[in-house]
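Written out below as structure tokens is the structure these notes cover.
The values are calculated or read from the model by the stated rules, or taken from the named source; none is laboratory data. Here the structure is a predicted model, which is why all the values come from computation and not from measurement. Note: ideal-geometry Cβ built from the backbone for every residue, glycine included; neighbour counts use all protein chains shown.
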Amino acid sequence: MGIEALLPQGFATTLLDRLVNWGRKNSLWPLPFPTACCGIEFMSTVSSHFDLSRFGAEVLRFSPRQSDLLLVMGTISYKMAPVLRRVYEQMPEPKWVIAMGVCASSGGFYRNYATVQGIDQIVPVDVYVPGCPPRPETLMQGLMMLQRKIDGESIHDKRERDVEKMKEGSRRLRIV
Amino acid sequence: MVATMTNRSSDDRRVPHQHDDTGRPLATRELLINIGPHHPAMHGTLRWFMKLDGETIVEGIPEIGFLHRAFEKESEGCKYNQVIVYTDRLNYLSAMCNNVGYCKTIEKLMGLTITPRCTLIRVLLCELSRIIEHLVTIGTNVLDLGGMTNFWWTYNLREEVYKIFEKLSGARLTYAYTRIGGLAYDLYDGFEGEVKAVLRRVYEELKDVKGLIGKNRIFLERTQGVTPISAEDALSYGFTGPCLRASGVDHDLRKAAPYYGYDEFDFDIPVGEVGDTYDRIMIRFEEIDQSMRIVHQALLKLKQLGPGPVNVDDRGVTLPKKNQVYGSIEGLMNHFMLIINDMKPPAGEIYDATESPNGELGFFIVSDGGISPYRVRCRAPCFHIYSAAPQMVRGAMLADVVATIGSLNVIAGELDR
Amino acid sequence: MSSIDFLQQHHADVVISQHVEFDRNIVQIDRTRMLPVMKALQAERRFNLLIDLTCVDYLGQQKPRFTLIYELYSLPTKERLRIHLKTDDDVEIDTVSGIWRNANWLERELFDMFGIRFRNHPDLRRILCHHEFKGHALRKDYPVDKGQWCSDLEELTFTS
């Protein structure tokens with residue numbers, strides 16, 4: 001694995017865990033994936049009134065290679081699904097995914113031939129933020145929950161998610 | 001009519017170089033590049049496949065449909081009042097205008113006349129929505145060109161209007177505020193004072209926003225003369241709204257076929273000259289000013305009209321008051337029948353349109369006399385406007401595409417429905 | 001002279017029926033000879049804006065099952081006109097994208113949603129649904145919640 005395999009479990013690695021998690025959670029670099037109305041509420045969240053940069057998540061990098069938090073905001077259609085998967089696969093570890101809005105979490109009130117019923121059929125999701133669209137404060141609460149989740153992680157953890165266990169449809173997505 | 005397009009430079013546009021400094025021809029090859037659909041400059045989910053000669057676009061193929069959410073098919077399974085919630089998500093920057101447009105069509109189908117108070121409130125809210133949509137368009141458009149400050153400023157103004165809408169309807173972005181035959185709720189106390197305060201703020205801060213870009217050399221060079229479209233081409237592509245008016249055609253549904261008493265309001269229609277990106281952006285500043293005039297007049301008229309009902313007095317359309325629902329058996333049954341069975345418009349087909357911030361937003365409804373519409377079709381203005389994009393970007397530079405798409409105000413929710 | 005009179009006078013053989021509904025003149029014309037009529041409407045009657053081109057599927061209620069609807073607007077005369085065209089599954093309709101250029105995308109959408117084919121269309125392919133979608137979504141016999149996965153982005157190519 002890496003240096004983690006050489007370090008024994010114990011006080012030193014717990015301290016190292018805390019340091020690493022502190023750094024990771026307070027400087028999340030979001031990759032916005034705005035598709036629909038939730039994208040507009042996200043723009044409100046990063047604007048000066050609500051200000052997401054208070055949580056360290058100010059640096060919006062639109063390149064998957066340079067970011068660690070995939071924020072899926074809005075409805076994902078079947079046409080967009082391969083794009084989302086490809087962008088997720090292009091992100092290096094460690095990476096997290098927040099599904100913002102009910103359309104990303106479960107398809108929302110769209111149940112039709114064009115809408116994916118939740119992005120957890122395509123990418124593994126860490127935090128679901130409900131709302132249509134969620135208020136900026138709700139998104140911030142979701143971010144804070146993600147920060148608490150990151151606090152509970154350890155550098156000994158196996159980071160690769162089991163994408164093969166994703167639901168049936170996403171196996172048809174071609175990964176380049 | 002107001003046309004205040006100043007600082008027009010008459011410099012020729014850049015010419016692609018095919019020779020080096022000594023005059024020898026450069027060996028060049030065309031580059032095929034894919035932009036999007038996940039891209040910061042592609043507003044939402046737009047994809048372009050481009051053939052480039054250096055920085056100049058030889059040809060571009062746009063691809064849309066990444067946000068197709070089957071609005072039309074879903075509506076066929078909903079009752080008439082339930083479709084209002086779906087219409088919010090069409091042009092989500094000005095959701096109130098979509099609600100009003102849809103309800104107006106169904107009311108015409110059913111032969112309902114809404115109350116004068118409801119008419120004035122709908123006009124006021126549509127114009128407020130026009131203001132906030134243009135604020136976002138200007139903010140994001142200039143952000144794409146690199147000017148980030150305007151984005152924060154226009155978004156703060158939008159937040160102020162969000163507070164008003166949230167007090168009014170309960171939601172910041174997707175309101176579902178209108179109902180067939182009227183509105184969900186009446187205005188709250190103190191609405192007039194808050195709207196006037198916000199408009200005062202918009203008026204002052206818009207001067208700053210315009211001042212930052214009005215004489216800015218970078219902004220002018222990047223927008224003047226960029227992807228112009230003539231009036232004839234614009235009409236051939238079915239343009240309506242600010243993009244058509246920027247090309248010099250003075251057509252606005254509020255003046256051409258006035259509805260909701262717009263002929264009694266005193267306002268002008270700004271018209272551009274050339275139809276380039278500069279015109280399309282600056283015309284929106286002028287439209288915000290005109291909308292503010294309408295809002296002030298609407299507030300005055302509302303005050304003169306005084307309190308009154310906002311819903312049509314028809315038991316087959318309007319929900320009864322809560323004290324009747326809980327207090328009398330007739331009210332309870334009325335409420336029950338309306339919620340379970342909703343209303344049944346007469347069979348027929350109708351097309352009706354309103355002037356939304358993007359252009360002519362029309363709804364074509366076919367009813368078969370049942371509780372669900374047989375066919376709902378939304379005539380999205382930016383679908384027609386965006387279909388002209390391949391012609392507009394031919395010969396322009398790659399960076400001009402970014403400015404152009406922003407100025408056309410392509411909103412994927414409406415484009416793809 | 002109104003456009004209805006114009007059509008009755010000069011193209012009476014193409015007009016099948018006409019009526020007024022909710023203040024709109026609606027004319028049903030013969031789909032096989034519609035192109036000269038459309039050209040005349042745009043040129044002589046100055047209907048310069050094709051507001052909308054859509055379709056309704058009357059499966060089981062009428063034969064032929066589709067009704068194409070052209071919503072026209074004339075800027076100089078402020079007149080609106082709606083044209084109905086009845087067509088079926090396996091019939092090709094002449095494209096009007098040479099007359100009104102936004103018909104290019106509108107007809108692509110009709111092909112995508114209803115499967116109606118247009119003769120001489122420059123680029124008839126799907127526009128809203130993905131390229132691996134089978135079937136036509138807005139037809140009445142297509143179930144609303146039958147989703148179809150797409151494996152990758154479409155490979156776009158330049159024809160010229």
Out of everything in the range B:224-251 that is part of a loop (DSSP other than H, G, I, E, B) and within 8 Å of chain C (Cβ to nearest Cβ), what residue ends up being farthest from B:Ala399 (Cα to Cα)? B:His251
Complete set of residues in the range C:91-117 that are surrounded by fewer than 20 Cβ atoms within 10 Å (Cβ to Cβ) and hydrophobic (A, V, I, L, M, F, W, C): C:Val91, C:Ile99, C:Phe111
Cβ-Cβ under 9 Å pairs, at least 6 apart or on other chains, the range C:15-27 side touching a residue at least 24 places away in the same chain (Cβ under 8 Å), far side in a loop (DSSP other than H, G, I, E, B): C:Asn25/C:Ser2
Which numbered condition in (1) touching a His at 6+ places or on another chain (Cβ under 8 Å); (2) within 30 Å of B:Leu299 (Cα to Cα); (3) of a type outside the set (A, V, I, L, M) is the only one that B:Lys207 fails? (1)
By residue number, the members of the range A:94-127 that are farther than 13 Å from A:Leu69 by Cα and outside any loop (DSSP other than H, G, I, E, B) are A:Val102, A:Cys103, A:Ala104, A:Ser105, A:Ser106, A:Thr115, A:Ile119, A:Asp120, A:Gln121
Log entry, pairs with first residue in the range A:12-34 being modelled with pLDDT of 90 or more, second being of a type in the set (Ser, Thr, Tyr), beta carbons closer than 8 Å, six or more apart or on different chains, reads A:Trp29/A:Ser67; A:Pro30/A:Ser67; A:Leu31/A:Ser63; A:Leu31/A:Ser67
Any residue in the range C:75-87 that's under 16 Å from C:Pro64 (Cα atoms): show its pairings with residues that are part of a loop (DSSP other than H, G, I, E, B) and modelled with pLDDT under 90 at Cβ separation under 7 Å, as long as the two are six or more apart or on different chains. C:Lys86/C:Pro64; C:Thr87/C:Pro64
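For every residue, the table says whether it meets (1) more than 14 Å from chain B (Cβ to nearest Cβ); (2) among the polar types (S, T, N, Q).
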residue: C:Gln9; (1), (2): yes, yes
residue: C:Val14; (1), (2): yes, no
residue: C:His19; (1), (2): no, no
residue: C:Arg24; (1), (2): no, no
residue: C:Asp30; (1), (2): yes, no
residue: C:Pro36; (1), (2): yes, no
residue: C:Ala40; (1), (2): yes, no
Quick one: count up the residues across the range B:73-95 that are farther than 16 Å from B:Pro381 by Cα, more than 10 Å from chain A (Cβ to nearest Cβ) and in a helix (DSSP H, G or I). 3
Kindly provide the set of residues from the range C:18-46 that are within 24 Å of C:Asp90 (Cβ to Cβ) and surrounded by fewer than 14 Cβ atoms within 10 Å (Cβ to Cβ), ordered by number. C:Thr32, C:Arg33, C:Pro36
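Residues are listed down the side, and each one gets a yes or a no for (1) at pLDDT below 95; (2) under 27 Å from B:Ile218 (Cα atoms); (3) among the small types (Gly, Ala, Ser):
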| site | (1), (2), (3) |
| --- | --- |
| B:Gly139 | yes, yes, yes |
| B:Gly147 | yes, yes, yes |
| B:Trp153 | yes, yes, no |
| B:Tyr175 | yes, no, no |
| B:Leu183 | yes, no, no |
| B:Glu192 | yes, no, no |
Working only within the range B:332-345, note down all residues that are assigned to a helix (DSSP H, G or I) and either touching a residue at least 60 places away in the same chain (Cβ under 8 Å) or over 13 Å from B:Asp314 (Cα atoms) (or both). B:Leu332, B:Met333, B:Phe336, B:Met337, B:Ile339, B:Ile340, B:Asn341
Checking B:Phe66 against (1) free of Cβ contacts under 8 Å to residues at least 12 places away in the same chain; (2) under 30 Å from C:Tyr142 (Cα atoms); (3) not charged (D, E, K, R): exactly one of these is not met. Which one? (1)
For the range B:72-93, indicate whether the set of residues that are in the same structural domain as B:Ser169 (by TED's automatic domain parsing), among the hydroxyl-bearing types (Ser, Thr, Tyr) and touching a strand residue (DSSP E or B) at 6+ places or on another chain (Cβ under 6 Å) is non-empty. yes
So which of A:Ala114, A:Ala104, A:Ala99 ends up being crowded, with 24+ Cβ neighbours inside 10 Å and within 7 Å of another protein chain (Cβ to nearest Cβ)? A:Ala114
Report yes if C:Ala40 is among the small types (Gly, Ala, Ser) and in a helix (DSSP H, G or I), otherwise no. yes
Hits in the range A:69-93 (condition: assigned to a loop (DSSP other than H, G, I, E, B) and more than 17 Å from A:Tyr128 (Cα to Cα)): A:Tyr78, A:Lys79, A:Met80, A:Met91, A:Pro92, A:Glu93
Would you say B:Ile213 is over 21 Å from the mean Cα position of the chain (by Cα), hydrophobic (A, V, I, L, M, F, W, C) and buried (at least 21 other Cβ atoms within 10 Å of the Cβ)? yes
Can you confirm whether the range B:172-185 contains a residue that is within 16 Å of B:His296 (Cβ to Cβ), assigned by TED's automatic domain parsing to the domain that holds B:Thr87, surrounded by 13 or more Cβ atoms within 10 Å (Cβ to Cβ) and more than 22 Å from the chain's Cα centre (by Cα)? no
Only one of (1) of a type outside the set (Val, Ile, Thr); (2) at pLDDT 90 or above; (3) in a loop (DSSP other than H, G, I, E, B) does not apply to B:Arg254, and that is (3)
Just to check your reading of the model, which residue among C:Asp123, C:Asp152, C:Asp90 is touching a Lys or Arg at 6+ places or on another chain (Cβ under 8 Å), more than 8 Å from every other protein chain (Cβ to nearest Cβ) and not polar (S, T, N, Q)? C:Asp123
Can you give me the number of residues within the range A:11-61 that are assigned to a loop (DSSP other than H, G, I, E, B), closer than 23 Å to A:Ala104 by Cβ and either more than 9 Å from chain B (Cβ to nearest Cβ) or touching a strand residue (DSSP E or B) at 6+ places or on another chain (Cβ under 7 Å) (or both)? 10
Exactly one of B:Ile405, B:Ile385, B:Ile371 is assigned to a loop (DSSP other than H, G, I, E, B) and either away from chain C (no Cβ under 12 Å) or closer than 23 Å to B:Ser236 by Cβ (or both), and that residue is B:Ile371
Give the range B:286-331 a look and list any residue that's closer than 30 Å to B:Leu408 by Cα and surrounded by fewer than 20 Cβ atoms within 10 Å (Cβ to Cβ), or say none. B:Asp289, B:Arg293, B:His296, B:Gln297
Conditions: (1) in a helix (DSSP H, G or I); (2) without any contact (Cβ under 8 Å) to a residue 12 or more places away in the chain; (3) not hydroxyl-bearing (Ser, Thr, Tyr). C:Leu106 meets all but one. Number of the miss? (2)
Given the conditions (1) closer than 30 Å to B:Leu124 by Cβ; (2) under 21 Å from the mean Cα position of the chain (by Cα), and given that B:His68 satisfies all but one, which numbered condition is not satisfied? (1)
In the list B:Gly54, B:Gly65, B:Gly36, which residue meets the criterion of being more than 10 Å from every other protein chain (Cβ to nearest Cβ) and on the phi > 0 side of the Ramachandran plot? B:Gly54
What tally of residues in the range B:27-56 results from selecting those that are crowded, with 22+ Cβ neighbours inside 10 Å and part of a strand (DSSP E or B)? 2
